[in-house]
Amino acid sequence: MTVTMQINSSLAIITIDNPPVNGLGHATRAAIAECLKGAEANPEVFAVLLTGSAKAFSGGADIKEFGTEKTFAQPSLPALIEQMDAYTKPIVAVINGVCMGGGLELALACHYRGATSGVQIALPEVKLGLLPGAGGTQRLPRLLAMETCVSMISSGQIVLSDQLALSTAQSSTQSTLFDVYEPDPQNLFARAQDFARDIAAVRPIPRVRDLAANAPIKSDLFSTARSDLMKKSKHFPAPFACLDALEASLTQTFDEGIKTERAIFQRLLQSLESSALRHIFMAERAAGKIAGVDANTPLRNIKSVAVIGAGTMGAGIAMNFANVGIPVQILDLQAASLEKGLERIRNNYQSSVSKGKLTPAQCEQRCALIVGVDHYAAIAQADLVIEAVFEDMQVKQSVFEQLDQVMKTGAILASNTSTLDLNQIARFTKRPQDVIGLHFFSPANVMELLEIVRGEQTAADVLATCSALAKKIKKTAVVAGVCDGFIGNRMLEQYTKQAAFLLEEGCTPQQVDHAIEAFGFAMGPFRMSDLAGNDISWAIRKRRLMANPHAVYSKLGDLLCEQGRFGQKTQAGWYDYQANDRTAHSSDLVNQLIKQYAQTQGIAQRPISDEEIVQRLVLALANEGRKILRDGIAARASDIDIVYLKGYGFPLHRGGPMFYADHLGWDKVDSLLLQFQQGHQGGTWTL
Ligand code: NAD
């Protein structure tokens with residue numbers, strides 16, 4: 001049963017009942033249409049109340065039907081709304097909890113609306129690269145100030161009913177979003193019933209479509225909004241299109257405006273940006289499903305956490321737990337490192353206080369939740385311990401052997417290693433089923449991505465618990481299998497390798513960075529490496545070279561480091577820097593070094609197009625991604641996209657490297673890879 005109807009003293013009460021948020025799936029729309037028909041034909045009914053069960057009026061489209069034919073099957077939402085426009089009895093929307101997207105458009109098509117406090121109101125379609133396609137852009141500005149509509153529709157942000165009730169009460173326009181506003185949710189329904197009886201005989205029945213749209217108070221509203229969007233959303237057409245549709249509500253009749261809105265909706269639906277955003281939306285949901293782990297797996301209780309190592313990562317990791325009220329012990333064997341780590345945490349929190357993001361009291365509470373300790377016995381009762389010591393197998397061995405000795409039965413033992421073999425780490429204990437990788441990204445208190453590394457013996461409940469915990473600490477988690485670099489860094493290696501080969505072949509660091517930044521990356525590989533420290537990748541290369549002396553890679557990065565050009569921290573890297581200034585200036589010395597290197601190696605340099613740079617870099621990612629899938633390291637291509645979007649600054653409007661390659665077509669990808677194989681260092685391109 002997705003919709004119910006009761007007749008109660010001349011009122012028809014139609015209740016949408018499609019948990020969890022009364023999504024307007026096909027069956028639900030059809031049932032609402034049927035109930036409306038029934039109520040219209042029933043001579044006992046004078047007015048209709050349309051409401052939602054439980055905690056929502058309606059959250060809009062049903063995500064279970066996303067991308068299927070059912071989304072647009074008849075009665076479509078616009079068709080249902082046309083039925084309401086032609087309705088002969090008044091319909092009152094009774095709005096509680098959540099009223100978003102198509103749910104809000106449905107409420108706007110009712111003749112009256114009653115709401116309570118705390119209702120989350122939004123038209124979030126823009127977040128999927130779309131606009132509200134069932135009249136939202138034409139009806140909302142007939143009820144709310146145009147300024148409010150511009151902000152709500154072009155950002156998709158949630159606004160609380162309390163705020164909207166207040167703004168309509170203060171507005172100079174005659175129109176109002178809520179005809180009944182009852183702050184107490186318990187009283188809303190009774191108030192709405194009384195209201196419905198009062199207006200039952202009022203004719204003509206007022207329709208939002210018959211009102212005039214509210215003109216902006218400031219005449220430059222749209223031009224200012226467009227220039228703001230150019231700064232924030234230049235890669236996305238949808239926010240601009242939302243403004244076009246809103247503007248049409250002022251210059252066109254209602255019916256013309258609706259046609260304009262539909263035409264824009266259809267155009268956006270076909271756009272690559274919208275496909276990318278919808279792909280990401282689904283990918284985020286899919287990433288939470290772990291192969292072989294039942295969604296109902298009982299979880300272990302995580303009430304306390306210990307972190308080993310108070311360095312860059314340990315300090316950031318600890319903050320994640322304190323932020324959600326979980327006490328954390330940090331263990332470091334060096335008293336000075338421990339002190340420095342705790343100080344870094346306090347400084348981070350204090351900087352949030354000075355930016356107004358945290359109150360001084362919250363800062364104190366969080367700092368108090370993080371306690372430094374200097375011996376293993378002190379952490380024995382922690383439910384989860386995360387190791388973040390030096391990236392060295394012998395050090396990891398000593399830590400995990402000690403953890404195995406002291407930690408209580410059932411504790412989860414996690415490693416933050418970036419590259420080491422988690423299965424080997426698990427074998428240092430007698431409880432490999434409790435060992436897991438929790439690979440945070442730097443800065444760990446900021447970056448949203450968490451790679452959960454599944455060892456060959458990691459227990460299902462350990463995976464399920466860590467996945468739930470990731471949500472709690474507001475991370476997007478992706479499960480990866482064990483291999484060098486897991487998903488993200490394994491792909492990054494191919495990307496940075498290509499970037500350096502491009503230099504050998506004739507590019508400058510700024511040409512490579514510029515091309516990939518124009519594609520949409522926040523930062524190109526060389527600016528990024530200067531920021532992170534070129535010495536870090538140098539150390540990794542040295543270690544890898546010991547394990548694999550025949551590895552093929554460009555020696556340019558090593559030459560740079562041999563000259564002490566570690567990046568921003570030494571004011572010299574791939575670029576030159578001035579003191580206290582992060583601006584990257586082209587370096588004649590580096591450009592010369594690259595030329596000389598190419599000459600001594602006998603590499604013929606040539607002009608390389610930006611298009612080739614982008615394809616070589618992005619396809620290096622996608623090609624490795626395909627191998628990662630083939631090796632079973634990632635469960636699905638969309639997981640790989642999430643890793644790159646959330647952890648490596650891959651442009652959202654491109655949907656991730658796998659989405660990009662899918663869209664280009666893998667046949668085309670393969671033919672490009674075959675071409676690359678004929679070029680400089682072509683042997684490194686293996687399919
Ligand atoms: P770091 O050098 O900043 O900190 C390591 C800390 O561990 C130091 O404070 C050290 O005193 C402490 N330590 C060393 N041996 C110890 C022991 N036996 N017991 C207790 N404490 C000990 O290193 P980091 O950058 O924070 O990296 C830590 C781990 O996180 C590594 O495995 C690294 O690969 C991984 N990681 C690092 C990054 C990054 O960007 N830095 C990103 C992801 C993962």
*Can you name the strands (runs of 3 or more DSSP E) wholly within region 84-170 that have at least 3 residues being surrounded by 19 or more Cβ atoms within 10 Å (Cβ to Cβ)?*
91-95, 98-100, 112-116
*Please give the number of the condition Ile436 fails out of (1) in a loop (DSSP other than H, G, I, E, B); (2) touching a strand residue (DSSP E or B) at 6+ places or on another chain (Cβ under 6 Å).*
(1)
_The lone exception for Gly288 - which of (1) more than 16 Å from Leu128 (Cα to Cα); (2) at pLDDT 95 or above; (3) of a type in the set (Gly, Ala, Ser) it fails_ = (2)
*Considering each residue of region 139-169, count those that are acidic (Asp, Glu) and free of Cβ contacts under 8 Å to residues at least 60 places away in the same chain, and give that number.*
1
*asked:* Looking at Ser442, Ser467, can you tell me which residue is out of contact with any Lys or Arg (no Cβ under 8 Å at 6 or more places or on another chain) and within 12 Å of the ligand (Cβ to nearest atom)?
replied: Ser442
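Every residue, every condition in (1) within 20 Å of Gly114 (Cα to Cα); (2) of a type in the set (D, E, K, R); (3) more than 32 Å from the chain's Cα centre (by Cα); (4) in the same structural domain as Ala115 (by TED's automatic domain parsing), yes or no:
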{"position": "Thr137", "(1), (2), (3), (4)": "no, no, no, yes"}
{"position": "Met146", "(1), (2), (3), (4)": "no, no, no, yes"}
{"position": "Ser154", "(1), (2), (3), (4)": "no, no, no, yes"}
{"position": "Ile158", "(1), (2), (3), (4)": "yes, no, no, yes"}
{"position": "Asp184", "(1), (2), (3), (4)": "yes, yes, yes, yes"}
{"position": "Ala196", "(1), (2), (3), (4)": "yes, no, yes, yes"}
{"position": "Lys218", "(1), (2), (3), (4)": "no, yes, yes, yes"}
{"position": "Phe236", "(1), (2), (3), (4)": "no, no, no, yes"}
*Does region 445-456 include one or more residues that are closer than 27 Å to Gln592 by Cα and either open to solvent by 10 Å² or more (accessible area, probe 1.4 Å) or away from the ligand (no atom under 16 Å from the Cβ) (or both)?*
no
*Report, by residue number, each residue of region 195-225 that is touching a Leu at 6+ places or on another chain (Cβ under 8 Å), surrounded by fewer than 16 Cβ atoms within 10 Å (Cβ to Cβ) and assigned to a helix (DSSP H, G or I).*
Arg197
_Checking the conditions here, which among Val373, Val328 is hydrophobic (A, V, I, L, M, F, W, C), under 30 Å from Asp421 (Cβ atoms) and within 12 Å of the ligand (Cβ to nearest atom)?_
Val373
*Within region 400-407, is even one residue within 12 Å of the ligand (Cβ to nearest atom), more than 26 Å from Lys472 (Cβ to Cβ) and modelled with pLDDT of 95 or more?*
yes
*Can you tell me which residues in region 325-340 are aliphatic (A, V, I, L, M), at pLDDT 95 or above and not in a helix (DSSP H, G or I)?*
Ile326, Val328, Ile330, Leu331
*So Ala572 clears everything in (1) surrounded by 17 or more Cβ atoms within 10 Å (Cβ to Cβ); (2) within 25 Å of Phe650 (Cβ to Cβ); (3) aliphatic (A, V, I, L, M) except one condition, right? Which one?*
(2)
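The values are calculated or read from the model by the stated rules, or taken from the named source; none is laboratory data. The structure presented is a predicted model; accordingly, all values stated were derived computationally and were not measured. For neighbour counting, all protein chains shown are included, and Cβ atoms are generated from backbone atoms with ideal geometry for every residue, glycine included. Only protein heavy atoms, including side chains, enter the accessible area calculation; ligands, DNA and RNA are left aside. Shrake-Rupley method; radii C 1.70, N 1.55, O 1.52, S 1.80 Å.
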